[in-house]
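Trainee: Below you will find the structure I want to go over with you.
The values are calculated or read from the model by the stated rules, or taken from the named source; none is laboratory data. Model, not experiment: these values are computed from the prediction. Using ideal geometry, Cβ is built from the backbone for each residue, glycine included, and neighbour counts are taken over all protein chains shown.
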Amino acid sequence: MRIMSEYVHRLKGMRMSKWEAYKENKESINNTVRFLREQLTRYRHRRLKFGLFYLAPHTRRMDTIVISHLNHMPLKEALRRLRLDLEKRRCKYS
């Protein structure tokens, strides 16, 4: 979303709102952006709920990275760690 927001901001700087094509498709563009934002939010909440992985901002780029214990541990150990992390989250937000 950050990259998309930055891109739209750059287009606005180029006076995109004056373009005829933008005026014709403004509602469609806004609906698409709203849909993508909602889907990303639902996806992120589902994944956080199950504790399989989480999204974090990249330290050097305008990007999002996926962090998961499955990437650097054997499956059995990673699943145990995921359960522990999920339990910690439940306790923290209860």
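Trainee: Pull up segment 52-64, narrow it to residues that are closer than 20 Å to Leu86 by Cβ and hydrophobic (A, V, I, L, M, F, W, C), then point me to the one that is modelled with the highest pLDDT.
Mentor: The qualifying residue modelled with the highest pLDDT is Ala56.
Trainee: Scan segment 72-87 for residues that are closer than 14 Å to Lys49 by Cβ and either assigned by TED's automatic domain parsing to the domain that holds His45 or more than 22 Å from the chain's Cα centre (by Cα) (or both) and jot them down. Spell out the reasoning first.
Mentor: Of the residues in segment 72-87, the ones closer than 14 Å to Lys49 by Cβ are 82-83, 85-87.
Passing the criteria: Arg83, Glu87.
Trainee: Could you check segment 21-37 and list, in sequence order, the residues that are within 24 Å of the chain's Cα centre (by Cα) and either surrounded by 11 or more Cβ atoms within 10 Å (Cβ to Cβ) or polar (S, T, N, Q) (or both)? Talk me through it step by step, then tell me what you get.
Mentor: Let us first name the residues in segment 21-37 that are within 24 Å of the chain's Cα centre (by Cα), namely 26-37.
Within segment 21-37, Lys26, Ser28, Ile29, Asn30, Asn31, Thr32, Val33, Leu36, Arg37 qualify.
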